[in-house]
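*Asks:* Questions regarding the structure given below will be posed in turn.
What follows draws every value from the coordinates through simple rules; no lab data is involved. Remember, predicted model here, so these are calculated numbers, not experimental data. Neighbour counts are summed over all protein chains in view; Cβ atoms, including those assigned to glycine, are modelled from backbone coordinates with ideal geometry.
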Amino acid sequence: MNSYFEKNKYKLLDKLLPLMPESKSYTTNIDGLLIVKRDAPFQSELCLQQPLLIFSVQGEKRYSAGSEIIDYKQGQIVFQGTPMPCSSYVLKASKEIPYIAMVFAVNMQLMTEVIYSLDNVDISSMTHAYSSLGKIEAGNDIIDSFIRLADLLNKSYNDIKVLSPLMLKEMYYFLLKTELREKLISFAITSSQNNKILKIINYLKENYNNHYSINDLAEMVNMSPATFHRHFKMVTTLSPIQYQKSLRLLEASRIIKYENATVSEAAFKVGYESISQFTREYKRMFSVTPKNKQ
């Protein structure tokens with residue numbers, strides 16, 4: 001663990017803990033920033049998680065995205081570059097020493113602005129795909145950025161409105177000086193292989209209930225079917241078919257739980273033609289039958 005983090009951890013806690021009286025997630029006035037507190041081990045529900053950056057201030061957590069699992073602890077940063085079916089489990093937390101984290105929705109516009117302001121970025125080198133997930137130890141400069149952002153949470157609305165975009169750009173700048181650099185650039189630059197996969201992912205999110213072949217999806221981004229399949233799985237750890245299936249099942253789970261849809265209504269709405277197949281695949285993903293969700 002970074003000794004600089006050890007020295008500054010309590011600065012962060014002093015700024016964050018008064019804003020989190022209970023064990024839950026809190027939205028903040030900084031656009032895209034959640035602060036999270038858990039005072040006991042906690043299992044989150046499987047959901048479609050948008051691109052994010054997690055900084056663990058205290059405690060330990062296991063993060064599952066697609067078929068990949070990352071364990072991380074205080075002083076570490078986790079980056080996820082694409083929307084992914086995810087769940088998480090707080091491994092180490094108590095009322096005396098709760099799990100505390102800062103969770104940022106990745107702002108691709110701000111990150112891209114920072115990338116294009118640099119004079120040493122070789123965009124032409126973005127010719128192969130990178131995994132969506134990455135983990136690093138927070139360096140001194142990034143820790144200072146997080147401290148400034150935590151301090152800003154206690155300032156006025158106008159201070160936050162004016163200063164937070166500048167501070168977030170500073171955070172992305174320092175992240176681009178770490179081993180996450182190539183991964184971050186690959187998701188932000190539109191001509192990269194990762195960004196092409198991200199384009200298909202966003203398309204599938206909007207059209208999950210339709211039927212597509214690998215050839216159809218590959219043609220949308222001018223790749224051969226074999227190259228597209230290989231790059232898609234590199235980025236998401238899932239095949240395109242597995243990914244689309246996850247989207248369908250997550251949406252079915254949502255409408256069964258929150259819209260009181262029947263199992264058959266949910267199955268047909270998300271694109272299944274066989275109730276038995278839907279039930280089988282639903283149980284495989286959620287470990288319960290869809291009836292148990294109602």
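*Asks:* So what's the back-of-envelope 222 nm ellipticity for the chain, counting only DSSP H runs of four-plus at -39500 (n - 2.57) apiece and dividing by all residues, rounded to 500? Provide the component values of the computation, followed by the final result.
*Replies:* Working: 12 runs with 139 residues, N = 294.
The helix-only estimate for the chain comes to -14500 deg cm²/dmol at 222 nm.
*Asks:* Please give the helix 3-16 orientation as an angle from the longest Cα principal axis of the chain, in degrees from 0 to 90, rounded to the nearest 10.
*Replies:* It is inclined by approximately 80 degrees.
*Asks:* In region 120-207, which GluC sites (Glu not before Pro) are in a loop and have at most 14 other Cβ atoms within 10 Å, using DSSP for the loop call? Please report the intermediate quantities before stating the final value.
*Replies:* On the way: sites: GLU137, GLU170, GLU179, GLU182, GLU206; in loops: GLU179.
Here the sparse-neighbourhood loop sites are GLU179.
*Asks:* For region 1-118, what does the alpha-carbon gyration tensor say about shape, rounded, prolate or oblate, given a ≥ b ≥ c as the root eigenvalues, a/c under 1.5 as rounded, and a/b over b/c as prolate?
*Replies:* oblate
*Asks:* Against the longest alpha carbon principal axis of the chain, how many degrees, from 0 to 90 and to the nearest 10, is the axis of helix 108-117 turned?
*Replies:* Long axis of 108-117 versus the principal axis of the chain: about 60 degrees.
*Asks:* If you don't mind, there's one more thing I want to ask. Cα gyration tensor of the chain, axes a ≥ b ≥ c as square roots of the eigenvalues: rounded (a/c below 1.5), prolate (a/b > b/c) or oblate? Mind dumping the intermediate values first?
*Replies:* Details: a/c = 2.11, a/b = 1.29, b/c = 1.64.
It is oblate, given that a/c is not under 1.5 and a/b is not larger than b/c.
*Asks:* May I ask you to list the GluC sites (Glu not before Pro) in region 10-108 that are in a DSSP loop and have at most 16 other Cβ atoms within 10 Å of their Cβ? Could the numbers behind the result be given before it?
*Replies:* Details: sites: GLU22, GLU45, GLU60, GLU68, GLU96; in loops: GLU22, GLU45, GLU96.
Listed in order of number, the matching sites are GLU22, GLU45, GLU96.
*Asks:* Which distance in nm do the two modelled labels at SER239 and ASN209 give, with both placed 7 Å along the Cα-to-Cβ direction?
*Replies:* 2.5
*Asks:* Note down the net charge around LYS199, summing +1 for each Lys or Arg and -1 for each Asp or Glu among other residues with Cβ under 14 Å from its Cβ.
*Replies:* Working: positive: LYS196, LYS205; negative: GLU206, ASP216, GLU219.
It works out to a net charge of -1.
*Asks:* Let me ask something else about it. Which of the peptides 102-114, 141-153 is most tightly packed, and how do the rest follow, judged by the mean count of other Cβ atoms within 10 Å per residue?
*Replies:* Values: 102-114: 17.8, 141-153: 19.6.
Highest mean packing first, the order is 141-153, 102-114.
*Asks:* Would you mind classifying region 142-294 by shape? Square roots of the alpha carbon gyration tensor eigenvalues, ordered a ≥ b ≥ c; an a/c under 1.5 is rounded, otherwise it is prolate if a/b is larger than b/c and oblate if not.
*Replies:* Working: a/c = 2.89, a/b = 1.50, b/c = 1.93.
Cα axes put region 142-294 in the oblate bin.
*Asks:* Counting other C-beta atoms within 10 Å, and keeping those with at most 13, which DSSP coil trypsin sites (Lys or Arg not before Pro) do you find in region 172-244? Let's see the in-between values first.
*Replies:* Numbers: sites: LYS177, ARG181, LYS183, LYS196, LYS199, LYS205, ARG230, LYS233; in loops: LYS177.
Sparse-neighbourhood loop trypsin sites (Lys or Arg not before Pro): LYS177.
*Asks:* Continuing with this model, one more query. Setting aside same-chain residues fewer than 8 positions from LYS233, which lysines have a Cα under 20 Å from its Cα?
*Replies:* Straight-distance partners of LYS233: LYS135, LYS183, LYS196, LYS199, LYS205, LYS245.
*Asks:* List the lysines whose alpha-carbon lies under 22 Å from that of LYS15, not counting same-chain residues fewer than 8 positions away?
*Replies:* By straight Cα distance, LYS15 reaches LYS7, LYS24, LYS37, LYS61, LYS73, LYS92, LYS95, LYS155, LYS161, LYS169.
*Asks:* Relative contact order, percent, of the chain when contacts are C-alpha pairs under 8 Å separated by at least 6 residues?
*Replies:* Values: 477 pairs, mean separation 48.2, N = 294.
Averaging sequence separation for qualifying contacts and normalising by length gives 16 percent for the chain.
*Asks:* Modelled label-to-label distance, SER67 and ASN120, 7 Å Cα→beta-carbon offset: nm?
*Replies:* 3.8
*Asks:* Could you list, bin by bin from short to long, the percent of Cα-Cα pairs of region 46-86 in 10 Å steps?
*Replies:* Pair shares across the bins are 29, 57, 14.
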